[in-house]
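The values are calculated or read from the model by the stated rules, or taken from the named source; none is laboratory data. All figures in this text were calculated on a predicted structure; none of them were measured in a lab. Cβ coordinates were reconstructed from backbone atoms using ideal geometry, including for glycine residues, and neighbour counts include every protein chain displayed. In case anyone asks, the SASA skips ligands and DNA or RNA and just uses the protein heavy atoms, side chains included. Shrake-Rupley method; radii C 1.70, N 1.55, O 1.52, S 1.80 Å.
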Amino acid sequence: MLLQTPIPQDYLRLPSGSLDDRISAAKAALGDRLTILGHHYQRDDVIRYADFTGDSLKLAQLSQSRPQADYIVFCGVHFMAEGADILSQPHQQVVLPDLSAGCSMADMAHPDDVEECWDALTALLPEQTLVPLTYVNSAARLKAFVGRHSGCVCTSGNADSIVAWALEQGHKLLFFPDQHLGRNTCYKLGIPLEQMLVWDPRQELGGNSPEQLAAARVILWQGYCSVHSRILPAHVARVRAAHPGVRVLVHPECPFETCQASDAMGSTEYIIKQVQSAPAGTSWAIGTEIHLVSRLARRHPEQTIVHLDDCACQCATMYRISPQHLCWCLEELLAGRVPNRITVDPETTLWAKIALDRMLERS
Ligand code: 13P
Ligand code: SF4
């Protein structure tokens with residue numbers, strides 16, 4: 001359990017719009033000792049203070065590239081801050097402004113369950129080489145697990161090349177926690193759906209027969225993103241009818257059928273680049289988290305940008321990082337205290353770093 005230093009109520013009583021001077025002053029006073037990283041799903045009143053923004057891959061790379069900063073304040077979710085602690089220098093301290101900013105998908109793959117699955121598969125199929133691949137949206141312990149077992153980490157920004165590499169390393173791929181990213185990527189690389197199985201950790205052998213497991217090329221963990229799994233092929237059909245000529249752009253955490261019905265899929269950074277490089281007058285329907293889509297629509301008035309789904313779901317945990325939390329963290333750092341520090345133990349760091357370095361070398 002993560003025990004959080006409680007944010008003083010004085011901060012929570014402050015209206016969001018009133019904090020600009022205090023956050024800016026704390027940032028200026030901390031100077032080069034501070035780097036603020038912000039994921040694209042952060043709310044506007046937080047991301048405006050980020051020194052650098054990015055998708056998970058870019059933020060992992062950035063967390064290695066600022067050794068002069070004593071403090072990395074990560075405006076994102078818990079697994080991203082853990083990754084920054086693993087990849088940054090030992091003298092650097094990583095702060096997550098609200099420790100309850102987790103990722104419900106990452107929580108769907110408990111390390112004990114994955115180890116149980118691994119043990120069952122390796123006992124059942126001793127003659128087959130199984131390669132474990134974890135999406136970066138996972139606990140540090142799972143990154144260490146893949147590091148120990150000659151596997152790798154991937155993000156949505158490098159999934160194509162990492163999955164292609166992993167498929168060459170053995171007979172079978174075990175991909176967790178996001179079944180959708182795994183399925184979408186493997187299919188794009190030419191693996192037919194019939195060669196992919198889903199592993200349900202609540203069932204014996206994941207709900208599969210020994211014969212099915214022996215024949216499968218890819219075993220996908222039964223995890224998903226609660227935001228992206230709500231974006232359906234019916235939304236694509238509706239938006240195409242309403243906006244003839246629209247280009248449908250989705251994140252690969254969306255279900256397979258939605259991605260198949262779309263025109264392009266890629267990470268948040270990819271989505272941004274597609275829009276930035278398109279000519280004026282282009283019409284887009286974008287299937288990803290609401291804050292990024294709304295920001296793109298505001299920044300590109302020369303194009304027409306709509307949310308692909310009507311629910312336009314926000315990532316509730318990303319949203320937990322508020323200006324009040326950011327202000328409190330920066331003022332605490334200024335006072336010489338480090339609130340909500342994220343640390344990964346040395347043994348886990350060692351193996352997780354091996355897996356992350358393997359990924360970064362191939363990115
Ligand atoms: P990106 O790596 O594409 O930014 O995605 C991270 C994430 O959590 C998407 O839900
Ligand atoms: Fe996790 Fe989905 Fe939120 Fe990304 S959008 S952090 S996968 S819950």
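Restricting to the range 25-55, give me the number of residues that are closer than 19 Å to Leu99 by Cβ and in a helix (DSSP H, G or I).
So the count comes out to 1.
A quick yes/no check of all residues on (1) among the charged types (D, E, K, R); (2) free of Cβ contacts under 8 Å to residues at least 60 places away in the same chain:
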residue	(1), (2)
Arg230	yes, no
Gln260	no, yes
Glu269	yes, no
Ala285	no, yes
Gln324	no, no
Cys327	no, no
Leu330	no, no
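Would you confirm, using the coordinates I've provided, whether Val293 is within 16 Å of ligand 1 (Cβ to nearest atom), free of Cβ contacts under 8 Å to residues at least 24 places away in the same chain and either of a type outside the set (Gly, Ala, Ser) or open to solvent by less than 30 Å² (accessible area, probe 1.4 Å) (or both)?
Working: within 16 Å of ligand 1 (Cβ to nearest atom): yes; free of Cβ contacts under 8 Å to residues at least 24 places away in the same chain: yes; either of a type outside the set (Gly, Ala, Ser) or open to solvent by less than 30 Å² (accessible area, probe 1.4 Å) (or both): yes.
It is true that Val293 is within 16 Å of ligand 1 (Cβ to nearest atom), free of Cβ contacts under 8 Å to residues at least 24 places away in the same chain and either of a type outside the set (Gly, Ala, Ser) or open to solvent by less than 30 Å² (accessible area, probe 1.4 Å) (or both).
Just to be sure I understand the filter: pairs with C-beta atoms under 6 Å, separated by 6 or more residues or on different chains, first member in the range 298-316 and at pLDDT below 95, second member within 15 Å of ligand 1 (Cβ to nearest atom) and open to solvent by 60 Å² or more (accessible area, probe 1.4 Å). Which pairs pass?
Cys311/Arg230; Cys313/Arg230
Quick one: in the range 296-323, of everything that is within 16 Å of ligand 1 (Cβ to nearest atom) and of a type in the set (D, E, K, R), which residue is farthest from Leu19 (Cα to Cα)?
Per the stated criteria, the residue is Asp309.
In the range 223-255, what residues are away from ligand 1 (no atom under 16 Å from the Cβ) and either in a helix (DSSP H, G or I) or at positive phi (or both)? Lay out the reasoning, then the answer.
As a first pass, look at the range 223-255 and keep what is away from ligand 1 (no atom under 16 Å from the Cβ): 232-248.
Pro233, Ala234, His235, Val236, Ala237, Arg238, Val239, Arg240, Ala241, Ala242, Gly245, listed by residue number.
From the list Ala101, Ala69, Ala25, Ala29, which one is touching a residue at least 12 places away in the same chain (Cβ under 8 Å), away from ligand 2 (no atom under 16 Å from the Cβ) and more than 22 Å from Pro346 (Cβ to Cβ)?
Working: Ala101 fails: away from ligand 2 (no atom under 16 Å from the Cβ); Ala69 fails: more than 22 Å from Pro346 (Cβ to Cβ); Ala25 fails: touching a residue at least 12 places away in the same chain (Cβ under 8 Å).
Residue meeting the stated conditions: Ala29.
Take Leu213 and decide whether it is within 24 Å of the chain's Cα centre (by Cα), crowded, with 17+ Cβ neighbours inside 10 Å and modelled with pLDDT of 95 or more.
Answer is no for this residue.
Listed here are the residues, each with its yes/no results for (1) over 18 Å from the mean Cα position of the chain (by Cα); (2) small (Gly, Ala, Ser); (3) away from ligand 2 (no atom under 16 Å from the Cβ); (4) farther than 27 Å from Leu59 by Cβ.
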{"residue": "Arg230", "(1), (2), (3), (4)": "no, no, no, no"}
{"residue": "Ala234", "(1), (2), (3), (4)": "yes, yes, yes, yes"}
{"residue": "Ala241", "(1), (2), (3), (4)": "yes, yes, yes, yes"}
{"residue": "Gly245", "(1), (2), (3), (4)": "yes, yes, yes, yes"}
{"residue": "Pro252", "(1), (2), (3), (4)": "no, no, no, no"}
{"residue": "Ala261", "(1), (2), (3), (4)": "yes, yes, yes, yes"}
{"residue": "Ile271", "(1), (2), (3), (4)": "no, no, no, no"}
{"residue": "Gln276", "(1), (2), (3), (4)": "yes, no, yes, no"}
{"residue": "Ala280", "(1), (2), (3), (4)": "yes, yes, yes, yes"}
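Name the single residue, out of those in the range 81-95 being part of a helix (DSSP H, G or I) and away from ligand 1 (no atom under 16 Å from the Cβ), that is least open to solvent (accessible area, probe 1.4 Å).
Ranking the candidates gives Ile86 first.
Any residue in the range 131-156 that's free of Cβ contacts under 8 Å to residues at least 24 places away in the same chain: show its pairings with residues that are assigned to a strand (DSSP E or B) at Cβ separation under 8 Å, as long as the two are six or more apart or on different chains.
So the pair list comes out as Ser150/Val131.
Residues that are of a type outside the set (Phe, Trp, Tyr) and under 18 Å from Val136 (Cα atoms), at least 1 per element: which helices (runs of 4 or more DSSP H) completely within the range 256-363 meet that?
Once the helices (runs of 4 or more DSSP H) in the range 256-363 are filtered for at least 1 residues that are of a type outside the set (Phe, Trp, Tyr) and under 18 Å from Val136 (Cα atoms), what remains is 268-276, 346-361.
Answer with yes or no whether Glu331 is away from ligand 2 (no atom under 16 Å from the Cβ), open to solvent by less than 70 Å² (accessible area, probe 1.4 Å) and not hydroxyl-bearing (Ser, Thr, Tyr).
Judged against the criteria, Glu331 is a match.
Which of the residues belonging to the range 177-193 are closer than 14 Å to Pro252 by Cα and either out of contact with any helix residue (DSSP H, G or I) (no Cβ under 9 Å at 6 or more places or on another chain) or open to solvent by less than 60 Å² (accessible area, probe 1.4 Å) (or both)?
Pro177, Asp178, Gln179, His180, Leu181, Gly182, Arg183, Asn184, Thr185, Cys186
Say we look at the range 48-61 and pick out the residues that are buried (at least 17 other Cβ atoms within 10 Å of the Cβ) and without any contact (Cβ under 8 Å) to a residue 40 or more places away in the chain; which of these is nearest to Phe79 (Cα to Cα)?
Of everything passing the filter in the range 48-61, Leu59 is nearest to Phe79 (Cα to Cα).
For the range 297-321, how many residues meet the condition of being more than 16 Å from ligand 2 (Cβ to nearest atom) and either more than 19 Å from Thr258 (Cβ to Cβ) or crowded, with 18+ Cβ neighbours inside 10 Å (or both)?
9
Would the range 62-80 turn up any residue that is open to solvent by 60 Å² or more (accessible area, probe 1.4 Å), basic (Lys, Arg) and touching a Gly at 6+ places or on another chain (Cβ under 9 Å)?
No, because not a single residue in the range 62-80 is open to solvent by 60 Å² or more (accessible area, probe 1.4 Å), basic (Lys, Arg) and touching a Gly at 6+ places or on another chain (Cβ under 9 Å).
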